[in-house]
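As structure tokens, the structure follows; a few thoughts come after it.
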Amino acid sequence: MLEPVRSAAASDPLLTVRNLSKSYPVTRSGLLRKKIVGTIDAVKEVSFSVHAGETLSIVGESGCGKTTTARSILNLVAPTSGEIQYQGRDVVKTFATGGREDALALRRQMQYVFQDPYLSLNPRWSVRQILREPLRIHRRGEPATWDDQIEHLLARVGLPASYADRYPHEFSGGQRQRIGIARALAVEPRLLICDEPVSSLDVSVRAQILNLLADLQDDLGLSYLYISHDLGSVRFLSRRVAVMYLGTIVEIGDVDAIFDRPRHHYTAALLSAIPVPDPTRVATAKGVRGEAPSVTERPRGCPFHTRCPAALPVCRDEMPALVPSDPDHKLACHNPR
Amino acid sequence: MRLTIYIVRRLLFAFLLMVGVSLIIFFLVNAVGDPIELMMAETPGVSAETIERMKVHYGLDQDPLTRYFIWLGKLLSLDFGTSIIYNQPVGSLIATWGWQTFKIQVPAILIALAIAIFVGTTAARRQHSRTDFAVMSGALLGQSLPAFFLGILLILIFSYTFDVLPSYGAYSTRGYLWGSVVADGLWHMVLPVAMLAFFNTATLTLLMRSNMVDVLKLDFIAAARASGIPERRVVYRHALRVAVIPVLTYLGLLVGLMLGTAPVTETVFTWPGLGYLYVTAIHQLDYPIIMGASMVIAAMLIAATTLTDIAYVLIDPRIRLE
Ligand SMILES: Nc1ncnc2c1ncn2[C@@H]1O[C@H](COP(=O)(O)OP(=O)(O)OP(=O)(O)O)[C@@H](O)[C@H]1O
Ligand code: SF4
Ligand SMILES: [Mg+2]
């Protein structure tokens with residue numbers, strides 16, 4: 001029987017990540033040099049995809065590998081193994097061995113917004129210098145047009161042109177994050193990877209930045225990979241969500257479906273932890289028994305079995321695979337809720 | 001505007017500091033005792049009358065406060081008095097001998113700074129590599145070696161064993177190298193400069209490396225990389241300006257340290273510099289030189305810290321507004 005022809009262009013993902021892993025050596029300081037005594041898997045066999053114009057969120061406790069995953073995509077950390085494709089282009093290979101022009105072309109497609117706008121802007125550079133750098137590197141038009149482009153970028157993120165000649169320390173956290181977003185937009189990317197873009201900001205300005213991100217998505221047709229601790233903002237920005245635990249995705253699918261009826265026990269625990277006193281941290285809150293094991297001592301079998309209320313004997317030995325449970329919903333659990 | 005105010009304030013502060021230092025130097029030297037009596041104590045058979053006449057001649061019969069203001073007034077017109085042992089104006093002595101100190105210290109600092117920036121950065125980019133390990137061990141070793149020990153080692157190797165470089169003085173006493181004053185001067189500078197540069201390089205390299213390691217971990221560096229900026233530019237244009245600031249601040253301190261150790265280093269190479277002059281003056285109780293040289297050294301230290309502070313503000317926009 002013939003398969004129905006799908007409209008390929010619309011449904012082919014922009015970004016596909018397959019079995020992405022990143023391990024770090026564990027070192028102990030020896031007498032003279034550091035000795036490698038083992039490895040930790042910060043990210044283990046993570047797979048997901050992001051479609052054009054959509055937002056995929058990644059949630060999970062601190063240290064579960066969200067940043068490592070996000071940075072691997074842009075080769076800010078070199079992945080240990082796995083495949084990353086952007087519109088069919090091999091991202092890992094392009095950054096590792098491809099030509100400079102190919103790498104730049106990829107960077108024009110995918111940009112990064114950092115968590116802490118106090119650390120992600122060069123303190124010695126004015127806003128104009130910061131924004132001019134990507135224009136220069138990517139040769140965006142004649143140098144004579146750069147000042148106009150900078151003004152335009154600032155307007156795009158809701159800042160007056162007069163801010164161009166100020167330095168980062170003269171701005172509030174929210175304004176800095178707008179500058180960080182403007183820098184990412186300078187090369188007109190299609191995908192923004194936003195690593196907890198509001199978690200270091202005052203609660204009062206978070207909504208403004210989230211609204212800005214939503215507006216930019218509407219106006220520019222951007223796709224987001226949005227990483228957050230804050231489940232409210234995840235629901236606001238995204239249609240799909242991936243839940244990470246100790247370096248692996250345990251559940252991925254439609255936000256409303258997962259948030260209303262989590263199937264994985266870790267997701268359920270995470271959700272029952274809202275609201276949390278400190279909204280920047282979902283933390284190991286009420287819903288979860290015990291401490292999260294660190295990635296250095298990842299348990300055999302299901303990584304969550306040490307804390308799971310529904311653990312079966314098999315959970316201790318066999319790592320559950322991430323398999324479809326419903327349409328647009330995948331789950332890694334031997335004994336789902 | 002604020003910058004101008006800052007600079008004016010800083011200069012004013014430096015001036016007040018100088019006044020304070022002059023008070024301390026004057027009254028400290030005075031507290032040691034009457035210089036004429038100290039000198040004459042070792043020369044028996046000098047009549048009390050002669051001592052009295054000498055005191056009047058040197059103006060020592062007046063009360064200390066009046067003498068301080070007379071001294072200060074002369075200092076302001078750059079009159080440091082006359083050396084007792086050399087019987088020459090102290091000002092010109094300090095200028096000639098000071099120039100010799102300057103001649104070896106400044107090249108040593110510049111060479112050290114250039115090497116430290118490059119080597120420290122290279123090591124930081126390859127943290128925990130063999131290169132990094134070699135740089136670190138070399139620098140730590142260099143830092144822990146006493147300056148005079150290295151000087152003596154250099155003399156042993158290059159002057160005695162191979163006999164290719166002179167071990168003392170700023171110029172040959174008989175016949176210049178290749179008949180040229182310049183060549184001969186440079187030839188004599190090699191060992192002292194090498195020793196001073198080595199000593200500074202070790203410290204500056206370690207500082208540069210650790211700053212660079214820290215800066216390269218910051219997110220604005222990741223942001224630069226995410227923009228596709230080539231790694232060399234990321235390091236030398238984005239990171240260096242931030243990482244070098246503590247090194248530049250340290251330079252101010254280093255100038256002080258070098259002046260402080262100048263007596264030792266110049267003694268090792270019998271180098272006719274300010275430090276050497278100072279040591280001889282102390283041995284011989286030549287108090288116009290002691291006071292004049294102390295003032296000049298203090299002025300240089302204060303100038304160094306003041307200039308460093310101002311340079312620091314010029315480089316770091318964050319400080320500018322405070
Ligand atoms: N350079 C590194 N060297 C060694 N271990 C690292 C390194 N970077 C990250 N890790 C480890 O990898 C794990 C995942 O870190 P990652 O920063 O990706 O977590 P995260 O989910 O982003 O956490 P957070 O919510 O705190 O930002 C952590 O246990 C961390 O300690
Ligand atoms: S696999 Fe087992 S231990 Fe893991 S979440 Fe499911 S039931 Fe719990
Ligand atoms: Mg993170």
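The values are calculated or read from the model by the stated rules, or taken from the named source; none is laboratory data. On a predicted model such as this, the values are computed, not experimentally measured, just so you know. Note: ideal-geometry Cβ built from the backbone for every residue, glycine included; neighbour counts use all protein chains shown. Side chains included, ligands, DNA and RNA excluded: accessible areas come from the protein's heavy atoms. Shrake-Rupley method; radii C 1.70, N 1.55, O 1.52, S 1.80 Å.
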Long-range amide H partners of A:Thr27, meaning residues 5 or more apart or on another chain whose placed amide H is closer than 5 Å, are A:Val37
Phi to ³J(HN,Hα) by Karplus 6.51 cos²θ - 1.76 cosθ + 1.60 over region B:59-74, Hz, x for Gly, Pro: x, 7, 7, 7, 6, x, 5, 4, 4, 4, 6, 4, 4, 4, x, 5
Using a 10 Å cut-off on Cβ to Cβ distances, tally the other chain neighbours for every residue of B:213-225 and report the average as a whole number. 6
Sequence order, region A:40-51: Karplus ³J(HN,Hα) from phi using 6.51 cos²θ - 1.76 cosθ + 1.60, θ = phi - 60°, Hz rounded, Gly and Pro as x, gives 10, 8, 5, 9, 9, 6, 8, 10, 6, 9, 10, 8
Per-residue ellipticity at 222 nm for chain B, helices alone: DSSP H runs ≥ 4 residues times -39500 (n - 2.57), over residue total, nearest 500 deg cm²/dmol? -24500 deg cm²/dmol
Run the quick spin-label model on B:Asp79 and A:Gln129: label points 7 Å from Cα toward the beta carbon, then report their separation in nm to one decimal. 5.0 nm
Cβ neighbours within 10 Å, averaged per peptide: list B:191-198, A:306-313, B:261-268 in order, most packed at the top. B:191-198, B:261-268, A:306-313
Let me know the charge dipole size of the protein assembly as shown about its Cα centre in debye, to the nearest 20, where only the beta-carbon of Lys, Arg (+1) and Asp, Glu (-1) is charged. 1520 debye
For the pair A:Asp147 and B:Asp34, the simple spin-label estimate (label points 7 Å beyond Cα toward Cβ) gives in nm 7.4 nm
Correct response: the longest run of chain B lacking exposed trypsin sites (Lys or Arg not before Pro), defined by DSSP loop and at most 16 other Cβ within 10 Å, is B:1-125
Which percent of the accessible heavy-atom area of the protein assembly as shown goes to carbon and sulfur, probe 1.4 angstrom? 61 percent
Please compute the net charge surrounding B:Ala293, taking Lys and Arg as +1 and Asp and Glu as -1 over other residues with Cβ under 13 Å from its Cβ. -2
Non-local residues with an amide H under 5 Å from the amide H of A:Gly82, with H modelled 1.01 Å from N and Pro and chain starts lacking one, are A:Ser21
In terms of Cα to Cα distance under 19 Å, which aspartates and glutamates are near enough to B:Lys217, apart from those fewer than 8 places away along the same chain? A:Asp116, A:Asp195, A:Glu196, B:Asp132, B:Glu231
Rounded to whole Å², per residue accessible area for the protein assembly as shown with a 1.4 Å probe reads 49 Å²
Show me, for region B:243-259, the HN-Hα J-couplings you get by feeding each phi into the Karplus relation (A = 6.51, B = -1.76, C = 1.60, θ = phi - 60°), rounded to Hz, glycine and proline as x. 6, 7, 4, x, 5, 5, 4, 5, 4, x, 5, 5, 4, x, 4, 5, 5
Rounded, prolate or oblate: which fits chain A, taking a ≥ b ≥ c as square roots of the Cα gyration tensor eigenvalues, rounded meaning a/c under 1.5, else prolate when a/b beats b/c? prolate
Percentage relative contact order, chain A, counting C-alpha pairs under 8 Å, at least six apart: 19 percent
Charges at C-beta only: +1 for Lys and Arg, -1 for Asp and Glu. How large is the resulting dipole of region B:90-315 about its Cα centre, in Debye rounded to 20? 820 debye
Quick one: if the Förster radius is 45 Å, what FRET efficiency do B:Thr50 and B:Tyr160 give, using the C-beta to C-beta distance and rounding to 0.05? 0.35
Can you give me the relative contact order of region B:90-315 as a percent, contacts being Cα pairs under 8 Å and 6 or more apart? 28 percent
Reachable aspartates and glutamates from A:Lys330, criterion Cα separation under 17 angstrom, eight or more residues apart if same chain: A:Glu45, A:Glu251, A:Asp254, A:Asp256, A:Asp260
Quick one: which residues, 5+ away or cross-chain, put their amide H under 5 Å from the amide H of B:Thr82? H built at 1.01 Å from N. B:Val90
When Rg is the radius of gyration of the Cα atoms in chain B and Rh is its Kirkwood radius, what does Rg/Rh come to? 1.06
How charged is the neighbourhood of A:Ser325? Take every other residue with its Cβ under 12 Å from the Cβ of A:Ser325, and add Lys/Arg as +1 and Asp/Glu as -1. 0
Positions from region A:129-149 whose accessible area shrinks by 50 Å² or more when the full protein complex is built, not the chain alone, probe 1.4 Å: A:Glu133
For region B:222-322, which semi-axes, largest first and in whole Å, follow from the square roots of 5 times the eigenvalues of its Cα gyration tensor? 42, 17, 6
By the C-alpha gyration tensor axes a ≥ b ≥ c (rounded if a/c is under 1.5, else prolate when a/b exceeds b/c, else oblate), the shape of the protein assembly as shown is prolate
Net charge of neighbours whose Cβ lies under 10 Å from the Cβ of A:Ser47, counting Lys and Arg as +1 and Asp and Glu as -1: 0
